[in-house]
1. In the range 48-78, which chymotrypsin sites (Phe, Trp or Tyr not before Pro) are in a loop and have at most 14 other Cβ atoms within 10 Å, using DSSP for the loop call?
2. Under a Cβ-only charge scheme (Lys and Arg +1, Asp and Glu -1), can you give me the dipole magnitude of the range 3-397 about the Cα centre, in debye to the nearest 20?
3. Please order Arg276, Arg311, Arg151 by the number of other Cβ within 10 Å, starting at the fewest.
4. Just to be sure I understand the rule: take each whole DSSP H helix in the chain, project its Cα atoms onto its long axis, keep it if the span is 15 Å or more and its mean Kyte-Doolittle hydropathy is at least 1.6. Which ones pass?
5. Given the options Tyr301, Thr8, Gln111, identify the residue whose Cα lies farthest towards the positive end of the charge dipole of the chain (+1 on Cβ of Lys, Arg; -1 on Cβ of Asp, Glu).
6. Between the range 283-317 and the range 89-114, how many Å separate their Cα centres?
7. Sorted by mean Cβ packing within 10 Å, highest first, what order do the peptides 166-174, 78-86 take?
8. Any idea what the relative contact order of the range 3-397 is, in percent, if you count C-alpha pairs under 8 Å spaced at least 6 apart?
Amino acid sequence: MNDSLLKTIKLIGIIPFTLIILYLLNPYDKGFVIGYLLFVFAYFGKGFSFKTLDKTYFILLIFSLVYASFYFLDMNQGNQWLIIYATSPHTFYLLGKRMVPKKMDSKVLAQILIFIGIIYSVTAILSVGFNIIEGGFVQVGRTIGDFWSGRERLATAMGAYFVFNMSIPGLLIVSKKNLSLWSKLLLIIIFIISLLCIFRLGSRTQIVLAIIGVFVGITYRLKSQNAISNLKFIAVLAILIFLGVNYISIDLDAEYLSSLGRRLQESDNAGSAGGRTELWSKSIENLFKKPFGWSINEFGYSHNMWLDTARTGTVISMFLITIFTFFSLKNIIKALKVNKDAFFLNATILIFNIIIFLQFFVEPVFDSPLFQLFIFFCLTQGFINEYRNKQVMEYTSD
């Protein structure tokens, strides 16, 4: 970490920042205990003010309570989740707002987002990494034991923890001079390790997200530069593509591509998004036939955050989370416009959110291990909203 980043973390508060990291690491599946401590800090700690509560917060609060109320009718994951659903989303939204200090450096704020995104993946890196060390890439199953608890997790759930790491190539494209050489090398190493883990998991979703992240990074950089800079960038890009095509061969039968290659070669449902379109169709049909929810035993997860929310929390919860989604998109767009000179932060916000929304669109979130990803999203939304508000205040005061 550079000095500016450490100073900003100190302004945020060492204790809450450390607790957020511990929550994301979720040691021994006890992250919910850290979540309770963060709830106390968010609402009763120094600095809480009713003035920080905005429309996005209130819709998230109402959603949390409504969803928890319907979950109460069928607590299939245990009593603990009733409290988690009721408290976590709005708590982490408030914590995200607390993570933006008064003295802001947009470059450092971008680095904080990247840092906590990587922290979110650490447990998955350890879990899949040790699995590779012990059994190699060629293994029959794709389930992975959790590093802390040993609990078996499906590849889909484990792969979702790499969602932000898949944005690294796109972030490197837009980083320019906003990251030191050592930071860039570290990010490249983290991405390579993450990519090997994705190969072991055979996650096509994460590969697609990485490609989309690169495309967004290239597009954003081209739109933000002058013609001469674009020509230089395109020339370098063309050389890299030429070298990659001619000197890097991808063998789907290679050992390290065993799981991914097998899925790519044997899969016959790519056109249906891995069979998800049928699940979406059934879920949309159930919105009208069973507006008060349906059993997961009917056809499993809907593999879409909004539809899976309706399954457990009824169409009421789906309506509320759709409003929250709309507010979030609106806040993101406003944040990108408030300071166009904050190139790196704007690019980080854009790439992160495009990738996370795509993940939400194709995977279950609530009532699944991916719920922590939604909590992370709430944290970043609070962060983005507070950044926008403070930028507006700064321009107004000037």
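Just so you know, all these numbers are worked out from the coordinates, no wet-lab data involved. Bear in mind the structure is a predicted one, so any value in this text is a computation, not a measurement. Here the Cβ positions follow ideal geometry from the backbone for every residue, glycine too, while neighbour counts run over all protein chains shown.
1. Numbers: sites: Phe48, Phe50, Tyr57, Phe58, Phe63, Tyr67, Phe70, Tyr71, Phe72; in loops: Phe48.
Taking the range 48-78 and a limit of 14 other Cβ atoms within 10 Å, the loop chymotrypsin sites (Phe, Trp or Tyr not before Pro) found are Phe48.
2. Values: 35 positive and 22 negative charges, 332 e Å.
Computed about the Cα centre, the dipole is about 1600 debye.
3. Working: Arg276 18, Arg311 26, Arg151 14.
Least to most surrounded, the residues fall as Arg151, Arg276, Arg311.
4. Values: long enough: 14-25 (16 Å, 2.70); 31-44 (19 Å, 2.15); 55-72 (26 Å, 1.53); 80-98 (26 Å, 0.12); 106-135 (43 Å, 1.64); 181-201 (30 Å, 2.42); 204-224 (30 Å, 1.05); 227-247 (29 Å, 1.87); 276-289 (19 Å, -0.79); 305-338 (37 Å, 1.03); 343-362 (29 Å, 2.27); 371-397 (39 Å, 0.04).
Membrane-span-like by this rule: 14-25, 31-44, 106-135, 181-201, 227-247, 343-362.
5. Thr8
6. The two parts, judged by their Cα centres, are 33 Å apart.
7. Details: 166-174: 24.8, 78-86: 16.0.
In descending order of packing, they fall as 166-174, 78-86.
8. On the way: 471 pairs, mean separation 91.9, N = 395.
It comes to 23 percent, rounded to a whole number.
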